[in-house]
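Novice: One structure, as structure tokens, below. Some questions next.
Coordinate-derived values only; no laboratory data. If you're wondering where the values come from, they're calculated on a predicted model, not measured in any experiment. Quick reminder, even Gly has a Cβ in these numbers, built from the backbone with ideal geometry, and neighbours come from all protein chains shown.
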Amino acid sequence: MIRISLQFPWGLAGCGPKIPAGETELLLPEGTSVRFLLDSQGIPLKSVGLISANGSTTKTDYILKGRDKIQIYPPLEGG
Amino acid sequence: MANILRVNLTSKAIYSEAVPDRYSFLGGRGLTSQIISDEVNPACDALGESNKLVIAPGLLAGTPAPCSGRLSIGAKSPLTGGIKESNAGGTVARKLSNLGIKAIILEGKAEGSSWHVLKIAEASVMILPADDVEGLGNYESVGRLRAAHGPKVGILSIGPGGERQMGAATIAVTDQEGRPCRHCGRGGLGAVMGSKGIKAIVIDDRRSDKGILDIADPGGFKDVSHAWAKAMVETKKGLTHFGTAALVTPVNAAGGLPTRNYSRGDFEGAERINGSTLADTLRARGGRAGHACSPGCVIRCSNIYHDRDGDYLTAGLEYETIALMGSNLGIDSLDIIAALDRRCDDYGLDTMEMGNAIGIAMEAGIASFGDGAAAVRLLDEVKAGTGIGRILGQGAATAGRALGISRVAAVKGQGMAAYDPRALKGTGVTYATSPMGADHTAGNLLPGRAGVDCHSPDGQIKASRDLQIMSTVLDVMGLCLFVGPLAPEMETISRLLTKVFGKTFGVEDVLEIGRAVLRTELTFNQASGMDSSNDRLPEFFSTERLPPNGLLFDVPNGEIDQVHAALHAPKENG
């Protein structure tokens, strides 16, 4: 099993669950992908704008490693 | 009944004109661009007598529509040589609406070196001498004008940047606290105002509530507006709490944060200048997040920044400034960036153009990357009009040519925004093809916005085109871009305009408003001498791989030339 930090810096308020801004720790099986993580949290891809792993953008096929910090953003706003 | 105020600075004649039918349902950028197209020779000298400065609130100004307080100012740009519209929040759009003024047209040129203040009130419009504010920064001149004319006036003003007719000169707009912190910043419009000898425009709307838009179903309009406002309070919380600075971390993660004159897309000091750090700093020093720059704004993304002693320093410290005067200069101190922002607001200079220009100066060895004190000194030199100051004040393209630097992130002479186009390729397409030059507000393809991968060249042409049309619609309405330039917002605008007109106004009709304005602007630019060779990014974006991801801007030029090829009304397709 691996432990990761899952962060929603802006929260999520799109077509999936409403998630407030914040951070949680998760214990996951080794080999878990970001896609599986999103599915397990009930987060549809459409409500995600950017995923970063340890400060760099990543895709849904990224395989999570222990102590990863994963940040999930909605479609970005502002300018 | 709304009117157009025409002021001729050569003859000092002032006219109040009826609004021609063809302008009735234009506002904001739609109206400024149409008037410039109708009345200004595209080949004119942008700082000469023949150019005009058009000031127009958005179509929905003064209505219950949330976030509808944007003011557009347009002219031929001395920076790009093409048509320009720049908009800002603040108080003036609503005040002009209260006075029933749909547009102000400044034409001609005041004689000699005299400076004037234009005072607009319900009962009178006067051209006054500006002796006591000439030469002053925006903060002091606005303070004196408020003392003279009352604390509730709205003020448009230029600082030393505009008085020197610099390409980076802005027109400041007072915010709800009466500070000159909102700016029509892009394209050197402050230089155009300066070329006409106008230091400031004071708008006094006391005892006036005329409005500029007749609404067929005001009750229905209010209902749609209130529902929209309620929804935005919930969905825009991130912007309310962290401001646009919230973009620093994700754009850095995407490898698109301009760093040391666009030499990298990620900055080692990003955490020290990001949204969380800003929010913590505001809280610790008695500053404020969740500040509304204009009346009726429910997003409230602005802020008030205090210094280490807890005293006011600046307001409206935003992502573009934080990145272009922060990471782009190798500076990782919000206090330094805030000091630079304060100076730009006071001197009337575009923080984005100056961030680009100073980055070029640093690359040229005039100062070192990361030297905040040197960046402050360079801005002071711009204000003072020293040799290097006059060069930098003309913007990034001039700075690059004068200092022998070819890494100049500019299109049509205008410096880019804080999104490296190698990492945000859709925004790069907008930079290349917007009639406004390298303007992110024309169509910013932030990650997740249009369902395309920002690192891929695929899908960016249609995405940029669609976003440019929708962003233009917001600019015509006078709606803040942050309500969202997307399909759901076009649907809401369709419902609002249906209540305005008392008959169905569909989404296609809404989009046609945007297309028509873009057609007008593109036609003006062609007549000014521009062609497809102006719709290109600087070469280094295609040849120099951007660390950390090794990206290039690789959207083919042949496809870029198709962005506006489809700009015609649907009925013409048959």
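Novice: Treating the beta-carbon of each Lys and Arg as +1 and of each Asp and Glu as -1, no other charges, what is the dipole magnitude of chain A about its Cα centre, to the nearest 20 debye? Could you put the intermediate results ahead of the total?
Specialist: Values: 8 positive and 7 negative charges, 9 e Å.
For chain A, the charge dipole is close to 40 debye.
Novice: For the protein assembly as shown, what does -39500 (n - 2.57) per DSSP helix run (n ≥ 4), summed and divided by total residues, give at 222 nm, in deg cm²/dmol to the nearest 500? Before the final figure, lay out each step's value.
Specialist: On the way: 22 runs with 221 residues, N = 653.
Value at 222 nm, helices only: -10000 deg cm²/dmol.
Novice: For the stretch B:193-200, take each phi angle, set θ = phi - 60°, evaluate the Karplus expression 6.51 cos²θ - 1.76 cosθ + 1.60, and give the result in whole Hz per residue in order, putting x for glycine and proline.
Specialist: 4, x, 5, 8, x, 9, 7, 7
Novice: Principal axis lengths of the stretch B:50-198 from Cα atoms, whole Å, largest first?
Specialist: Result, largest extent first: 42, 36, 26 Å.
Novice: Treating each Cα of chain B as an identical point scatterer and ignoring solvent, apply the Debye formula and state log10 I(q)/I(0) at q = 0.05, 0.11 Å⁻¹.
Specialist: Calculated log10 I(q)/I(0) at the listed q: -0.17, -0.94.
Novice: Tell me, what HN-Hα J-couplings in whole Hz come from the Karplus equation 6.51 cos²θ - 1.76 cosθ + 1.60 at θ = phi - 60° for each residue of the stretch B:7-22, using x for Gly and Pro?
Specialist: Rounded to whole hertz, the list is 10, 9, 6, 6, 8, 6, 7, 10, 10, 10, 10, 5, 7, x, 3, 5.
Novice: Something else: So which GluC sites (Glu not before Pro) in the stretch B:308-379 end up in coil per DSSP with only 11 or fewer other C-beta atoms within 10 Å?
Specialist: Numbers: sites: B:E318, B:E320, B:E353, B:E363; in loops: B:E318.
Here no loop site has a sparse enough neighbourhood.
Novice: Could you tell me the ratio Rg/Rh of the stretch B:281-369? Both radii from Cα atoms, Rh via Kirkwood.
Specialist: Numbers: Rg = 13.9 Å, Rh = 13.7 Å.
Result for the stretch B:281-369 is an Rg/Rh of 1.01.
Novice: Taking every pair of distinct Cα atoms and averaging 1/r, then inverting, what Kirkwood hydrodynamic radius in Å comes out for the stretch B:278-332? Intermediate values should be presented prior to the final figure.
Specialist: Working: mean 1/r = 0.0839 Å⁻¹.
Roughly 11.9 Å, rounded to one decimal.
Novice: Here's another thing I want to ask about it. Percent of Cα-Cα pairs per 10 Å bin, from 0 to the last occupied bin, for the stretch B:10-130, please list those.
Specialist: In whole percents, the pair-distance histogram is 13, 41, 38, 8, 0.
Novice: Follow-up. So who's got an amide H within less than 5 Å of the one on B:G69, skipping anything under 5 residues away but keeping other chains? H placed 1.01 Å off N, in plane.
Specialist: For B:G69, the qualifying residues are B:C480.
Novice: Here is a follow-up. Rounded, prolate or oblate: which fits the stretch B:303-414 when a ≥ b ≥ c are the square roots of the eigenvalues of the alpha-carbon gyration tensor, with rounded for a/c under 1.5 and prolate only if a/b beats b/c?
Specialist: Values: a/c = 1.78, a/b = 1.72, b/c = 1.03.
Because a/c hits 1.5 or more and a/b exceeds b/c, the stretch B:303-414 counts as prolate.
Novice: Follow-up. Just list whichever of B:K237/B:K412; B:K102/B:K412; B:K84/B:K462; B:K84/B:K383; B:K237/B:K503 have alpha carbons separated by over 26 Å in the model shown. Walk me through the intermediate numbers first.
Specialist: Working: B:K237/B:K412 36 Å; B:K102/B:K412 30 Å; B:K84/B:K462 23 Å; B:K84/B:K383 24 Å; B:K237/B:K503 34 Å.
In this structure, B:K237/B:K412; B:K102/B:K412; B:K237/B:K503 exceed 26 Å between Cα atoms.
Novice: So what's the protein assembly as shown giving for Rg/Rh, alpha carbon basis, Kirkwood Rh from the mean inverse pair distance?
Specialist: Working: Rg = 23.5 Å, Rh = 24.6 Å.
For the protein assembly as shown, the value is 0.95.
Novice: To continue, here is another question. Given 0.36 nm per residue, what is the gain on full extension from B:T235 to B:K12 after removing their alpha carbon distance, in nm?
Specialist: Working: separation 223, 0.36 × 223 = 80.28 nm, distance 4.88 nm.
Net length gain for the segment: 75.4 nm.
Novice: Something else about it: Residue farthest toward the positive end of the dipole of the stretch B:260-365, with Cβ of Lys/Arg at +1 and Asp/Glu at -1: which of B:T351, B:A339, B:H306?
Specialist: B:H306
Novice: Ok, one more. Determine, at each q value in 0.17 (inverse angstroms), the log₁₀ of I(q)/I(0) that the Debye formula gives when each Cα of chain A is one equal point scatterer.
Specialist: -0.59
Novice: Within 10 Å, count the other beta carbons around each residue, average over each peptide in B:509-515, B:486-492, and list them highest first. Don't skip to the answer; put the middle values down first.
Specialist: On the way: B:509-515: 20.4, B:486-492: 16.3.
So the order, starting with the most tightly packed, is B:509-515, B:486-492.
Novice: On a C-alpha basis, how far is the centre of the stretch B:75-115 from the centre of the stretch B:254-280 in Å? Whole number, if you could?
Specialist: Taking the Cα centre of the stretch B:254-280 as reference, the centre of the stretch B:75-115 is 34 Å away.
Novice: Here's something else I'd like to know. Could you run the Karplus curve 6.51 cos²θ - 1.76 cosθ + 1.60 with θ = phi - 60° over the stretch B:59-66 and give me ³J(HN,Hα) per residue in whole Hz, x for Gly and Pro?
Specialist: 4, 8, 4, x, 9, x, 4, x
Novice: Could you list which residues have their amide H under 5 Å from that of B:T314, counting only those 5 or more apart in sequence or on another chain, with H placed in the peptide plane?
Specialist: Residues meeting the criterion, in which the H sits 1.01 Å from N, are B:Y305.
Novice: What's the Kirkwood radius of the stretch B:172-321 in Å, using all Cα pairs? Kindly include the intermediate steps, with their values, before the conclusion.
Specialist: On the way: mean 1/r = 0.0545 Å⁻¹.
Across the stretch B:172-321, the inverse of the average 1/r is 18.3 Å.
Novice: Using only the Cα atoms, work out Rg/Rh for the stretch B:421-574, with Rh taken as the Kirkwood radius, to two decimals.
Specialist: Numbers: Rg = 16.2 Å, Rh = 16.2 Å.
Ratio value, two decimals: 1.00.
Novice: Right, something else. Taking H placed 1.01 Å from N in the peptide plane, check which residues at least 5 places from B:Q414 or on another chain put their amide H under 5 Å from its amide H.
Specialist: B:A438
Novice: Please report the equivalent ellipsoid semi-axes of the stretch B:408-502, computed as sqrt(5 x eigenvalue) of the Cα gyration tensor, largest first, in whole Å. Write out the running numbers ahead of the final one.
Specialist: Numbers: eigenvalues 133, 46, 17 Å².
Each semi-axis is √(5λ); the values are 26, 15, 9 Å.
Novice: Something else now. Give, rounded to the nearest 20 debye, the magnitude of the charge dipole that the stretch B:285-349 has about its Cα centre when Lys and Arg contribute +1 at Cβ and Asp and Glu contribute -1 at Cβ.
Specialist: The dipole of the stretch B:285-349 has a size of about 220 debye.
Novice: With no solvent and one point on each alpha carbon, what is the Debye value of log10 I(q)/I(0) for the stretch B:241-325 at q = 0.12, 0.13, 0.14, 0.25 Å⁻¹?
Specialist: Results for the stretch B:241-325 at q = 0.12, 0.13, 0.14, 0.25 Å⁻¹ read -0.36, -0.42, -0.48, -1.15.
Novice: Another question about this same structure. Sort B:170-176, B:30-36, B:539-545, B:293-299 for me by packing, meaning the mean count of neighbouring Cβ atoms within 10 Å per residue, highest on top. The partial results should precede the final answer.
Specialist: Numbers: B:170-176: 28.4, B:30-36: 26.4, B:539-545: 14.3, B:293-299: 21.6.
Per-residue mean Cβ counts within 10 Å order the peptides as B:170-176, B:30-36, B:293-299, B:539-545.
Novice: Using the Cα centre of the protein assembly as shown as the reference point, and only Cβ charges (+1 on K/R, -1 on D/E), how large is the resulting charge dipole? Debye, rounded to the nearest 20.
Specialist: Details: 66 positive and 71 negative charges, 162 e Å.
Here the protein assembly as shown has a charge dipole of around 780 debye.
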